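Accompanying notes for the structure given below.
The values are calculated or read from the model by the stated rules, or taken from the named source; none is laboratory data. It should be emphasised that the depicted structure is a prediction, and the values quoted were computed from it without experimental measurement. Reconstructed Cβ throughout: ideal geometry from the backbone, glycine too, with neighbour counts over all protein chains shown. Side chains included, ligands, DNA and RNA excluded: accessible areas come from the protein's heavy atoms. Shrake-Rupley method; radii C 1.70, N 1.55, O 1.52, S 1.80 Å.
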Amino acid sequence: MENEAILSKILESLESTSKAQQSLNAKFEEYSGQTEKEFKRVHERLNGLPRLEVNTSVSLDELSKKSPRKTETDKVIPEIRAKITQSPSGTNNSLYSERVILTTYPDQFGIKPIPLKWAELDPNVRGPIVASRHPASIKIRNAIGAYGGSYCVYRALAVAMGALDPNHRPDFKNTEPTVQIGPHLQWGMQNKIVSLDPFGHMATITFENQIAKGHDIHPTIAITKAHMKLPEIENLVKSGRLKVDGNVVLNQSGELNVVKAAVEPVWYLPGVAARFGIEEGILRRALFEDTGGMYPELITRPDLKVFLPPIGGLTVYIFGNPKYVSDPSKRLTVRVHDECNGSDVFGSDICTCRPYLIFGMEECVKEAQSGGSGVIVYFRKEGRALGEVTKYLVYNARKRSAGGDTADNYFLRTENVAGVKDMRFQALMPDVLHWLGISKIDRMMSMSNMKYDAIVGSGIEIRERVPIPDEMIPPDSRVEIDAKIADGYFTGGSVPTKKELSQVKGREWDDIQH
Ligand SMILES: Nc1nc2c(ncn2[C@@H]2O[C@H](COP(=O)(O)OP(=O)(O)OP(=O)(O)O)[C@@H](O)[C@H]2O)c(=O)[nH]1
Ligand SMILES: [Zn+2]
């Protein structure tokens, strides 16, 4: 009797699972427009194609012989490949030491990190950031994580496939900055800079001797100069809104002269924790847990205070004389921008990102032309640091919702998916402004209250806030901008009421053609 009840329960649940599967299939067909017939046709075509043989015991040499084209494996360094193929399991090959070092401990034999004193103005007192785990560095390492931000994972792949010697030492000849930034007083002040290494661009010069001794020290900042060309800027020049001056705007096609700096994240954990008003231990535990246990040393090495997180960094674009940026007697225009690949690069019109970025650039150029300078900071924090997958999920939810894509529900839809509406945590953002030695901003090209509060709260004065002009707002992004204004973003106009917000509607799903 009891068994029968269980059996019927199982059958019931199987039935509902298969119903769910059916409705999923129906939905799939509806969304993708693929009939079963088409599906079969694709399958048949695929079946007709030659199959890729998967043979785990095959050697890399055999594989590259089989491949008719040149593949990545052809580029491997023979000695590295030899080391990899010596070990069929790959877990104990001669690339690395026999024993896998899962973590280290402060009191372990031979562990003696190079002293590191954060917020010291003298780089020799501050000390280099050493993040390498290779035999010559593992005992003197004073930072958790790896150089390169998120790109450390690609480096691991290159090493694993034999294209890169794990002990490769970069040749830094001629890589020095094209202009000098700093040192600025802020570099030596407590809590002004906690998420980047202010000496990151000077590492190869300042720590030349240590590098020559074999210490694996990398710069975490690089500064170069370039020309840039954008269609909108060219149009501004053609329409006469921007003038050619041969220095900032180089010619009629709107070519701009810039100095740019790429910055990788370097977190001083006690400082990051203090910025968010949390305990360092809690921060370390969360970073350990929510990166899938990637960095056990966050827990086992409380003596190591610096962490190089595997996240995107930022880029600084300077218009005009870079020396003026930190000179309080010169005017300064700034736009701090968070990545929006869909709009910034691909021209999506659902938000104001690229238009505001271009407007920011225009004003930076004008400031530089009239004797001041301009700075654009571009942070890799896609989709308010929630990522592009979350962002697209929310777009779908917005467009499919019963009452339409209205401004009053804009943030709610993000919260439904991500749990929060924003994970950018602007509290760390002003660090780059302090690295540049900025003490006041004449024109801040942003309406964001979060950016404003963070910058002003860090001790930098903002003299004027400049909203995006109405005519630059694409129609479908009205939903976003009105929702933001109602949520506290700066506006020169009126703040929409709840009722008004419910009437601001984005494009319907059906209006988007495929
Ligand atoms: N998750 C999510 N992110 C979005 C959406 N629309 C824009 N974004 C992201 O929001 C961020 C916008 O950043 P910014 O362009 O710096 O603008 P802001 O912080 O809103 O403020 P302003 O300085 O006034 O422009 C970027 O990271 C975008 O990718 C959305 O619908 N969902
Ligand atoms: Zn955007």
Practice prompt. Would you kindly derive the ³J(HN,Hα) couplings of segment 226-238 from the backbone phi angles with the Karplus curve 6.51 cos²θ - 1.76 cosθ + 1.60 (θ = phi - 60°), listing them in order in whole Hz, with x for Gly and Pro?
Written response: 7, 9, 9, 9, 10, x, 5, 5, 4, 4, 5, 5, 4
Worksheet item: Per residue, how much accessible area does segment 392-439 have with a 1.4 Å probe, in Å²?
Response: 38
Discussion item. Calculate the FRET efficiency for residue 97 and residue 151 from the Cβ-Cβ distance with a Förster distance of 25 Å, rounded to the nearest 0.05.
Written reply: 0.55
Practice prompt. List the residues whose amide H sits under 5 Å from the amide H of residue 143, counting only those 5 or more places along or on another chain, with H placed 1.01 Å from N in the peptide plane.
Written response: 130
Worksheet item: In cubic angstrom, how much convex hull volume per residue do the alpha carbon atoms of segment 373-514 span?
Response: 135
Worksheet entry | Inter-label distance for residue 120 and residue 380, nm, one decimal - labels placed 7 Å from Cα along Cα-to-Cβ | 3.0
Worksheet entry | Surface accessible to a 1.4 Å probe, residue 337 within the full protein complex, Å² | 0
Worksheet item: Given segment 286-389 reduced to its alpha-carbon atoms as identical point scatterers, what log10 I(q)/I(0) does the Debye formula return at q = 0.15, 0.17, 0.19, 0.23 Å⁻¹?
Response: -0.77, -0.84, -0.91, -1.10
Discussion item. Please give the charge dipole size of segment 367-514, origin at the Cα centre, charges +1 on K and R Cβ atoms and -1 on D and E Cβ atoms. Round to the nearest 20 debye.
Written reply: 300
Worksheet entry | GluC sites (Glu not before Pro) restricted to DSSP loop in segment 428-474 with at most 14 other C-beta within 10 Å | 464
Worksheet, complete the sentence: Quick shape check on segment 242-324: root eigenvalues a ≥ b ≥ c of the Cα gyration tensor, a/c under 1.5 is rounded, otherwise prolate if a/b tops b/c, else oblate, and it reads prolate
Fill in: Protein-only accessible surface order, largest first, of 96, 154 at 1.4 Å
154, 96
Fill in: Dipole magnitude of segment 207-322, debye to nearest 20 (Cβ charges: Lys/Arg +1, Asp/Glu -1, about Cα centre)
380
Discussion item. Using the Karplus curve 6.51 cos²θ - 1.76 cosθ + 1.60 with θ = phi - 60°, what ³J(HN,Hα) values do you get for each residue of segment 248-257, in whole Hz, with x for Gly and Pro?
Written reply: 8, 9, 7, 7, 5, 7, x, 5, 10, 8
Response to the item:
Sorted by accessible surface (1.4 Å probe, heavy atoms of the protein chains only), largest first, 422, 107, 245 come out as 107, 245, 422
Worksheet item: Suppose R0 equals 51 Å; then what is the FRET efficiency for residue 108 and residue 500 from their Cβ-Cβ distance, rounded to the nearest 0.05?
Response: 0.20
Worksheet item: What order do 152, 351 take when sorted by accessible area (1.4 Å probe), most exposed first?
Response: 152, 351
Response to the item:
Reported to the nearest 10 Å², residue 132 has, with a 1.4 Å probe, an accessible area equal to 10
Worksheet entry | Amide H contacts of residue 462 (H built 1.01 Å from N, under 5 Å, at least 5 apart or other chain) | 441
Worksheet item: Which whole-Hz ³J(HN,Hα) couplings does segment 417-430 yield from phi under the Karplus relation 6.51 cos²θ - 1.76 cosθ + 1.60, θ = phi - 60°, glycine and proline marked x?
Response: 7, 8, x, 9, 8, 7, 10, 6, 6, 4, 4, 8, 4, x
